[in-house]
Structure formats: C-alpha cells, structure tokens
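Below is one structure, written out as structure tokens; the observations come after it.
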Amino acid sequence: MIDSETNYEGLSLEDLLPIEWQPADFRISSALEHANEDTARALQAIAVFEETPRSPKDDIAHVSGDSSRLEAKVDLLLSLVSNLVGEKAGLPEPRPLILRGRSIEWQADEKFKCERGASGFANIWANMHIPLPLRLPCRLDGTIERNGFQWCRASVEFLAPNVRDGLEQVIFRHHRRQVAIARGTMVQADFDRNR
C-alpha cells in the first residue's frame, strides 16, 4: 500500500460540489464492481460533455451548422435532465472538497463521524450538468483542520485502471481550466458553461 500522506499530494480538483458518504463493506466484491462500472459511465459522460464545444463559434471549422444545432439541443436536454434529476433526487449539499487520483478531502457536516479505517463510497457529483455521481470506494484516514473547519480525509481504493485513468483526466482538465482562468486566457463564463 502507498504511504497515505503521499495520497494527499499532487494535482487536484478543488471545488464546491455535492458529496455524500455511503458506508460499505468492501468484502462484497460485487459492490466494488458496480461502483467501478457506475463511475466509468459517469466519467465517460463528463468527458464527452467537457470536451464538446459549448458554442457554435468554438469549433466552426470542424462542425457543420446542423451538427452545431444538434449539439446545442443535446446540451439543453442534458441541462434540463440534470436539473430535474437534481430536484427529484435531492442532491446532497455542495461542500468544499479536494479530489486527487488517490484521495479525497472534504469539509464534512459537524454530525459526520469520520472514523479512521471505516470503508464506504464517496459519491461526488463532479459536473452539475451530468446527474451521475462518481462512486469512489474509500477508506477514511481521519480528519484535518483547515481555517477552523474539520475536514475528512479518505484514500481512494479498488479503482479499476480505466476508472483511475478517467478520474485523473477529469482532474487534469479541471486543473487546466483553473490555470487558464488564473492567467486570464479563459473567461469565467466559459469555465462555468463547461462545468
């Protein structure tokens, strides 16, 4: 096993996102298999959404007018469906979190008991336009204090190689957008549209 402190280093996605903890017994391998399948599906949907130009002007040389209109309609449909699902399912409250390829840290609710060694799934809605959560198998590592708030720390475990690669790509794309915004090469509206 990798030293747990190294899990909390490196490229990260830092955002305010809905997250919920679902206790689980990892001795039940089918639960891990289903979580990997669900997460792979969510990562694929996020990749398609984030890599598709949001404006017909963004990729005018490669996309015909009909394709642009179809993409705009699909984008609208995704937005409507995600809003409906979010309202019906009652997504968890967005919380500050830091997601890395091998760890998650989040500002937990005061009632949440972050018991070291407990296993479960961290369900994270990484893109608010895609109503599918990442279901990441984790083991709680304890807590850390940041700015007067208690944060839970968990190591991500048992990810299939393709799921780990997909997660790292989402983190990298998010980091790249944050750098572009910081440099002023991307306006905030473009970033919000691609989230």
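The values are calculated or read from the model by the stated rules, or taken from the named source; none is laboratory data. Since the structure is predicted, the reported quantities are computational estimates derived from the model, not experimental observations. Heads up, the Cβs are rebuilt from the backbone with ideal geometry, glycines too, and the neighbour counts pull from every protein chain shown. Note: accessible area is taken over every heavy atom of the protein model, side chains too, but ligands, DNA and RNA are not part of it. Shrake-Rupley method; radii C 1.70, N 1.55, O 1.52, S 1.80 Å.
Among the numbered criteria (1) open to solvent by 40 Å² or more (accessible area, probe 1.4 Å); (2) under 15 Å from GLN169 (Cβ atoms); (3) touching a residue at least 60 places away in the same chain (Cβ under 8 Å), which one does VAL48 miss?
It is condition (3) that VAL48 fails.
Please count how many residues of the range 1-27 are of a type outside the set (A, V, I, L, M), at pLDDT 85 or above and open to solvent by 40 Å² or more (accessible area, probe 1.4 Å). Please lay out each step first, then the result.
Taking the range 1-27 as the starting set, the residues that turn out to be of a type outside the set (A, V, I, L, M) are 3-10, 12, 14-15, 18, 20-23, 25-27.
Okay, now just the ones that are also at pLDDT 85 or above, so 12, 14-15, 18, 20-23, 25-27.
The next check asks that each one be open to solvent by 40 Å² or more (accessible area, probe 1.4 Å); those that pass are 14, 20-23, 25, 27.
So the count comes out to 7.
Okay, residues lined up against (1) within 30 Å of ARG139 (Cα to Cα); (2) surrounded by 12 or more Cβ atoms within 10 Å (Cβ to Cβ); (3) at pLDDT below 90; (4) not aliphatic (A, V, I, L, M):
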residue: SER29; (1), (2), (3), (4): yes, no, yes, yes
residue: PRO53; (1), (2), (3), (4): no, yes, yes, yes
residue: LYS57; (1), (2), (3), (4): no, no, yes, yes
residue: ALA61; (1), (2), (3), (4): no, no, yes, no
residue: ALA72; (1), (2), (3), (4): no, yes, yes, no
residue: LEU91; (1), (2), (3), (4): yes, yes, yes, no
residue: ARG95; (1), (2), (3), (4): yes, yes, no, yes
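Going by what's in this entry, would ALA154 be described as farther than 26 Å from PHE49 by Cα and among the hydrophobic types (A, V, I, L, M, F, W, C)? Step through it out loud before you land on a result.
Details: farther than 26 Å from PHE49 by Cα: yes; among the hydrophobic types (A, V, I, L, M, F, W, C): yes.
In short, yes.
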